[in-house]
Structures are given as C-alpha cells and as structure tokens.
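Single-structure report; data block below.
The values are calculated or read from the model by the stated rules, or taken from the named source; none is laboratory data. A quick note: this is a predicted structure, and the numbers were derived from the prediction, not measured. Here the Cβ is made from the backbone with ideal geometry for all residues, glycine too, and neighbour counts use every protein chain on show. Just the protein is used for accessible areas: all its heavy atoms, side chains included, with ligands, DNA and RNA removed. Shrake-Rupley method; radii C 1.70, N 1.55, O 1.52, S 1.80 Å.
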Amino acid sequence: MDDQHGPVGYWAPPAGLTGYITAFHRFRVPDVPGGYRDILLPSPATIRIALHDGARWSKRIGNRVFDNVPDLAFMGPTSQAGQVAVEGSGTLIGVGLRPAGWAQLFGGDLSRHANRVVPLAMLDGGGEALRDALAAAEAAGDTPVAAFAAWLETRLQRRPPADPRVALLTRLLDDPATTRIEAVAEALETTPRALTTLTRATFGFTPKVLLRRNRFLRALSAILIDPASGAEALEAAGYWDRSHFLRDSHLFLGCSVRDFVRQRGPMNQLAIQRRVDALGEAV
C-alpha cells in the first residue's frame, strides 16, 4: 500500500537491493502538546534522516539515552525496545540494513554500534547529499524510494562483495526451524566460537541473542496483529509456554507485552500494518 500522504509509509526495496536492505520507511510526526512519545521494537541497523520542521528527537535504549538525535543518524541494531520522544513536528525517513548491507556499505565490527546511535558522518560523509535528495522528493510529493535507492546503489558499488557466508547465515537465523547454534556452525563449516565472531561483526550480537530475538519478534508480531492468536502464535514460534515467552518479553521489551501495548503510540500500531501491507510480514 502506498500511503504517500499518510503519517506512516513503508516501501519494499527494488529488486537489486533486496539482499542488502529490509524496507524504506517514513514517519511524519505531528506537533502535539507535551511532545509525541512512542516505543519501537528491537530492530536491525538503520540509517535515518530527519527532515525538520523544528523537531527535536531523542531515543532511549535500555539505560542509554540519546538526546537530540542527529538529523543524519546511524542507529545500530537493537536487542531492546527503544523509547522515542519528539518535541515539535518533523519527518523521519529511513532504511533498515540487512547484515550483507552493513558489510558491503560500511564493514567493520557492527557490535560496536549495537544499542547505540551515532552521527551518520562517522561512517559516511555523503549524508548531506542524501538529505537534500530526500527533501526534494518530499517537496515534489514523491516517495523516498528512488532517492534513497540511488544513494545506496552508488555506495554498494564502491566496495568488494560481502562475505558470501553472510547471506546463508541470514537465511539460517531467519528460519523458524533453526534452533541450535551448533547446527548453524555446521552449515557454515565453522566452529561455534568463529560463528560468534562473525555474527557480532555483521549482525551486532551473538547467535544466541539473535535466535531468541527473532523467535520473540515472530511471536510478538503475530500477537499484535491478531491478539486472539496468543497460544497458537507462541507454539508456532517455538515457545514451550507463556512464562517462557514472558521471560523474553522482559529481556527484549523491558516489560510485559501488556505494558508494551499500553505504552506504544498510534504510529507504532500503524507501522506494523503498513509493513505487512508492503512486505507481507510484520518484522
């Protein structure tokens, strides 16, 4: 669904970028008394560009608070929910990076940026040109896809291809049938210790955290879309019982699902539906 003029938009990547990014997204935040508040699910690394109408953004991830987030920001992958506060109105445009996207766009040890926010300029000095292109697209009433895709494609061509094991590892970790770290290591013909080094560098976290996070988000997204699916969604995701799921809820959200639902704002709810409309999946 193309919701060009709505508060939340999600767009699937062009065919040439599907292995590198998850989706493009845009949030238009209104100026409300006391500021806008919302809570975001744990997510992959993200590039986010703010087109300001005087807005001030801040984000809390666990015990870390990033006040006055840069207009051009790189947000590392998160294993905890992020609490967002916005004072004033503004537009935020972003793209989620798959592990191969991180490896080929920037490279290096992604775990250094896990659960953190840094200026995009620390990784790439071309952010100003990207913001100008996105602002022009907004002014013309266009989606951000063409402008963002052109910027990404130029940078992907500058570096050698990512380690081919990263694509296989991504598929294995995303597969609900994958439950054993040893099986993943065997598939990659490596040791569990070397596997941990690889996942920290390209995914930001250890294999154990990634498998638990993926399982939790699969179950949570199903429940948020259809609250009546509770027991069925937990079983399909691989949980033994509700207490098992609740432990992961406190690990990744810092609260129960019930409290999360009470805290989240209208954009969080709309974003899940827009993502399903665009990609066929909620996370």
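Here are some notes:
- In sequence order, the range 151-168 has phi-based couplings of 5, 5, 4, 4, 6, 5, 6, 7, 10, x, x, 5, 3, x, 5, 5, 5, 5 Hz under the Karplus curve 6.51 cos²θ - 1.76 cosθ + 1.60, θ = phi - 60°, and Gly or Pro positions carry x.
- Rg followed by Dmax, in Å, when the range 8-161 is reduced to its Cα trace: 14.8, 49
- The range 132-187: C-alpha gyration tensor shape, a/c 1.5 cut-off, then a/b vs b/c: oblate
- With Cα atoms as the point set, the range 104-147 shows a radius of gyration and Dmax of 13.6, 38 Å.
- For the range 108-122, backbone phi angles converted through the Karplus equation (6.51, -1.76, 1.60; θ = phi - 60°) give residue-by-residue couplings of x, 8, 5, 4, 5, 10, 4, 6, 9, 10, 9, x, 4, 4, 5 Hz, Gly and Pro being listed as x.
- Choice from Ser243, Ser89, Ser79 with maximal GNM fluctuation in the chain (Cα, 10 Å cutoff): Ser243
- Accessible surface, per residue, of the range 23-98 when the full set of protein chains is kept, probe 1.4 Å, Å²: 36
- Tail fraction, Cα-Cα pairs, the range 131-268, threshold 17 Å, whole percent: 70
- Cα centroid separation, the range 77-119 to the range 157-219 (Å): 19
- Portion, in percent, of the accessible area of the chain that falls on carbon or sulfur, probe 1.4 Å: 52
- The chain - convex hull of the alpha-carbon atoms, volume per residue in Å³: 127
- Gaussian network model of the chain, Cα within-10 Å springs - most flexible of Trp11, Trp240, Trp102: Trp240
- Each residue, Thr191 and Glu128, gets one label point 7 Å from its Cα in the Cβ direction; the gap between the two is 4.8 nm.
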